[in-house]
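Contents: one structure, followed by commentary.
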Amino acid sequence: LAIVFVGDGTTAGNYGYINSGYSVYEEENERLTETLRTKVSAIKSLSIEIGTEVKNQNKMLSEMDNDFDSAGGLLGATMGRLRTLSRGSQTKLLCYMMLFALFVFFVIYWIIKLR
């Protein structure tokens, strides 16, 4: 590294360059490098947050998939019971409905009578 003396006896600026456009360019490059470094750091932290959010969303989706599978199984079992009930004789179903209607009628009659 050589030190260069300017005409009035003062030493030159950074890295032995005479105070000219080179030091200005060097300072601007350092400023732009620092700006780029902060932007890269912000993008890195943002991408890490996105990755974490994607993992959480995938976990929730797999839990929902399991819940839908269990609900589908329950619904399938219920539909099977309804099919067996509908395969039975229609007279049996009609008798059950009539007995239920009579029961409701007597309960309402009893409530009105107690007033």
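Summary of values
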read-out: Contour minus Cα-Cα distance for ALA101 and THR38 (0.36 nm per residue); value: 15.0 nm
read-out: Estimated distance in nm for a label pair at ARG115 and LEU61, the labels positioned 7 Å out from Cα along Cα-to-Cβ; value: 5.9
read-out: Debye intensity ratio in log₁₀ form over the Cα atoms of region 23-88, taken at each q of 0.12, 0.20 Å⁻¹; value: -0.61, -0.86
read-out: Estimated FRET transfer efficiency (LEU93, ASP69; beta-carbon r; R0 25 Å; 0.05); value: 0.20
read-out: Solvent-accessible area per residue, Å², over region 17-111 with all protein chains present [probe radius 1.4 Å]; value: 92
read-out: Options LEU85, GLY73, LEU32, ranked by Cα towards positive dipole end of region 23-88, top entry (Cβ charges); value: LEU85
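The values are calculated or read from the model by the stated rules, or taken from the named source; none is laboratory data. All of these numbers come straight from a predicted model, not from anything done at the bench. Cβ coordinates were reconstructed from backbone atoms using ideal geometry, including for glycine residues, and neighbour counts include every protein chain displayed. Side chains included, ligands, DNA and RNA excluded: accessible areas come from the protein's heavy atoms. Shrake-Rupley method; radii C 1.70, N 1.55, O 1.52, S 1.80 Å.
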